[in-house]
Every structure is written in C-alpha cells, then in structure tokens.
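Reviewing the structure listed below.
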Amino acid sequence: MTAVGIDAVEIWTGKLVLDLPGTFAPVKGEDPEKYTKGIGLEASSFPDVYEDIVTMGANAAKRLMDRRGLTPDDIGRIDVATESSFDNSKPVSTYIAGCLEQLYEDDFHHANKGERKFACIAGTQSLDDAYNWIRAGRNRGRSALVIATDTALYERGDPGEATQGAGAVAMLISEDPDLVELSTEQGYGSADETDFLKPNQQFPSVDGKRSVQVYLARMREALEDYESVAGDTHPDDFEYIPFHTPFPGMVRKAALLGYRHMTRDTDVEDAMADEIGRQPREADFGSWDEYEAAIRDYMDALKQTDSYHDWYAGAIEPTLAISEQVGNWYTGSVHIARVSALKNAAEAGRSLSGDRLLVGSYGSGAQAEIHAETVQDGWLDEIRALNVDDLLERRYELSYSEYEQIHDVHNHVKEIEVEEFTAPSDEFVFTGWGRMNERKYEYIE
C-alpha cells in the first residue's frame, strides 16, 4: 500500500509578540513564574493590524507552494481548520484560494474547498479527510493543502488571557510523503461536553478546571481505543509524542497519565517496583475512592522517578519549544508540536528515518484522537527548509498598552484605528471591506 502523509509543512506566526513574564505579569501584579513554570509559556504571538486568519493561512500556504515548486493544478483540495472564522457561510478556504490566485497564472477552480470546525482537533480531522480522499483514489494524482489557522483571543481579564496566540500551519498531504506517513490505525475518545465553547460569540466561555479534566479523560479514551486496533503501546515505541498544547502545563498532566498507562504491566513498571511499588489495581481496593487515592499517590511518586524524567525530557519536552514562544494556536497547536519535535531532532543531529511519533490531538466539546506517524527519509531536508527561528525573531515586541490596542483591533465588536506596528513585505494583507461586507486582501511585495 502506498504511503500517505504529510509531504511538506510551513508556519506563519503573527508578527507581534507579548512577553508574558516581563510585560504581562508585572501589570497583572503576578509572579512571572506563574507563566514560565506554571502554565509553561514565555510569550504569546498576535496578528498585526493588517493580519488575520486568512493572511496567516495564505502566507504559510504560499511559502509552502513556492518552496516546493507547486502550481494550483498540483492541488486538488484545500481544507481550512479554524475556530476563528468570521463568516457562517463562506469558508476561509475560498478566501485563501482567492489570495493565492492573485499570484499564480492558474486558478483553484477545480479544487474542492471546505472549512472544518471541531475546536482544536479540526486540523487533525482535516488531515484525516485529505488522507481518506487520497486513499479512496479520488485525488487524480493531486495533493491536498490543509491549513490550520487561528487567532486565539480571550476576553481581557479572563484566566485564559495569558494563553493567547495567533498563527497558521500549512501542510501538504500527498502519496509518498517526505515528512511523515500517517498510520491507518486511529483511536478516538468523544463525548458531549461544555468545557469550552463560543455560542454565537467571539471570545470563549471556559470552565477551566472542567476543561483539564475533559482533556485528560478524552485522551485516555483515545489511547485505549488506539490500542484496541494497534496493540499495546510502550514508551520505547515512539521517539516523540506531540500533544495538543493549549499551554505546556496541560501537556505535563497528559504526559504523566500517558506514561503510567503505557508502562502498566511492562518491564518499566517492573524496574520501578522496588522504588515506588506497582501500579494500584482496582480489584485490590474495597471502594472506588480508595482506588483513586492510591492512584494519586502512585502518580505523585511516578512523577519523581528518573525513569519518568528521562522519558519526558526525550519524548515530550522537545515538542513544547515553539509553543512556549507563541502560545495557543488552537487548530495548529498539535501541528507546531510535531514541527518542534522534528526541529529538535534536526538540531541535535539525530537520525529519525523509520522512527515513529504518537500524536495526540484534542478539541473541546469534546474529542481526542490518537494516531501514529512514521518519519520518512526526506524529513531532515524538509525541516531544515523551515524558517521558524527567523519568524520568531522578527516579531515586534509589544508594550502592555500596545497589547491593549491590538487586542481591541481584533475584537469584533470594537472599531478603532491603530497604526500598524510592522511594515508588510512579500505577504498578503487585509485591506478592508467589500460591498457585501466581505473582507478584501492583496499581496504586498
């Protein structure tokens, strides 16, 4: 069976940055370590006045197409995943295609276009759609362009304000991919939840404590469901485990639960038994409360072991490096975690071809998906071609008052005039409104 997966990837981050410990924390009167050690973030990215989900997605897609020498005829579908859409009918993919058509001789009139919504998991669902389209033989030799683009804003003063972020990830899905092959096996955990939602509103309503519980519960279900078709997992099976990362502190919780699950009844559990005992088994306790208390005690002990620290440092920590600098990108979050892991491997001079990743995606409302990916021979050239460091370094650092201004610019109910903070160059920009209240864009050289 021909491999299908991610052939190429590009990133575009919002061109503004807010220093959380240095700028945000002092104004809030909070300890900077609440951000750096607590939620695990150093900075948040924001779109400039002329940026939005269309420009970020189109700019990432253009970089990808130009770097790979693609034309519109090479693309058979364009799927955009976002939870920041501004139109309840016209999909963002049509706007992005319209932007790209300003620069190419051909058009995308032949391409299937759509918009996916299921909170943050929609980016992975769009990958699945593209994968299935190719597997079904309906692609006619063409590839799919999957774009995850979001501006994650919270109301001012909301506890989630510090986790904001903005950016886009563009991915080319093809046969015989250069980056990673997607597994045929998947696992799901899904339930009707109200942990995070936007009922006809721009800013989310969030039950923070509940959201963490739902995230962990759905991830556990998805891992168990994945193992039901792929077999038991083991920590040594995967070089990296990229999770959906609303903030790194959330991933720390998921990683510990995952490690406990994967080491149960394994040589790893045996090796730690003298140090922390064996994992509690429900049958050994007279009540559920006693069993849960024992599990909590075991987890506290597990978190302190060298075995867990070494695994976390190798498999999890490298996936968080980009997120720590940009915040939450919603649908793009797990996909920058993958890039972050592979970038770490490239910089360390590691050979990953044939090694596997275990990818944990999540979307509030709520659903998790687990699948495996096998790193392909062309991964190193693909990752070296990215300019992530340049994108992060070019960002304009906001003062707190400037942050307040840019937040108001992107607040849909406010109309304010603010000068752009950066000068656009070789990129698509938002230019205003059309006669039917549609958004207009042009390319600035």
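The values are calculated or read from the model by the stated rules, or taken from the named source; none is laboratory data. Since we're looking at a predicted model, the values are computed, not measured. Neighbour counts run over all protein chains shown; Cβ positions are idealised from the backbone, glycine included. These area figures cover heavy atoms from the full protein model, side chains too; ligands, DNA and RNA do not enter into them. Shrake-Rupley method; radii C 1.70, N 1.55, O 1.52, S 1.80 Å.
Structure values in brief
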item: D150 being closer than 28 Å to S228 by Cβ and charged (D, E, K, R); result: no
item: Per-region count, segment 159-177, residues of a type outside the set (V, I, T) and assigned to a helix (DSSP H, G or I); result: 4
item: Among (1) under 27 Å from G354 (Cα atoms); (2) open to solvent by 10 Å² or more (accessible area, probe 1.4 Å), the one test that V251 misses; result: (2)
item: Condition met for E269 (of a type outside the set (G, A, S) and open to solvent by 30 Å² or more (accessible area, probe 1.4 Å)); result: no
item: Residues (open to solvent by 80 Å² or more (accessible area, probe 1.4 Å), charged (D, E, K, R), assigned to a strand (DSSP E or B) and under 19 Å from K90 (Cα atoms)) located in segment 390-441; result: K440
item: Which listed residue, of T2, T71, is free of Cβ contacts under 8 Å to residues at least 60 places away in the same chain and either of a type outside the set (G, A, S) or touching a His at 6+ places or on another chain (Cβ under 9 Å) (or both); result: T71
item: Of all residues making up segment 185-214, the number that are crowded, with 19+ Cβ neighbours inside 10 Å and of a type in the set (F, W, Y); result: 1
item: Contacts under 8 angstrom Cβ, first residue in segment 202-222 being within 26 Å of M262 (Cβ to Cβ), partner small (G, A, S) and surrounded by fewer than 17 Cβ atoms within 10 Å (Cβ to Cβ), 6 or more apart; result: V214/A191; A217/A191; R218/A191
item: Only one of E404, E382 that is within 21 Å of L41 (Cβ to Cβ) and in contact (Cβ under 8 Å) with a residue 24 or more places away in the chain; result: E404
item: Filtered residues of segment 388-402 (kept if of a type outside the set (A, V, I, L, M, F, W, C) and under 18 Å from A337 (Cβ atoms)); result: D389
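The rows are residues; the columns are (1) of a type in the set (D, E); (2) buried (at least 24 other Cβ atoms within 10 Å of the Cβ); (3) out of contact with any Leu (no Cβ under 9 Å at 6 or more places or on another chain).
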position	(1), (2), (3)
L18	no, yes, no
A25	no, no, yes
Y35	no, yes, no
G40	no, no, no
S45	no, yes, no
E51	yes, yes, no
V54	no, yes, yes
N88	no, no, yes
P91	no, no, yes
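One line per residue, one yes/no per condition, for (1) at pLDDT 95 or above; (2) surrounded by fewer than 24 Cβ atoms within 10 Å (Cβ to Cβ); (3) of a type in the set (S, T, Y); (4) over 30 Å from L41 (Cα atoms):
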residue	(1), (2), (3), (4)
A60	yes, no, no, no
P72	yes, yes, no, yes
G98	yes, yes, no, yes
E115	yes, yes, no, no
D158	no, yes, no, no
A162	no, yes, no, no
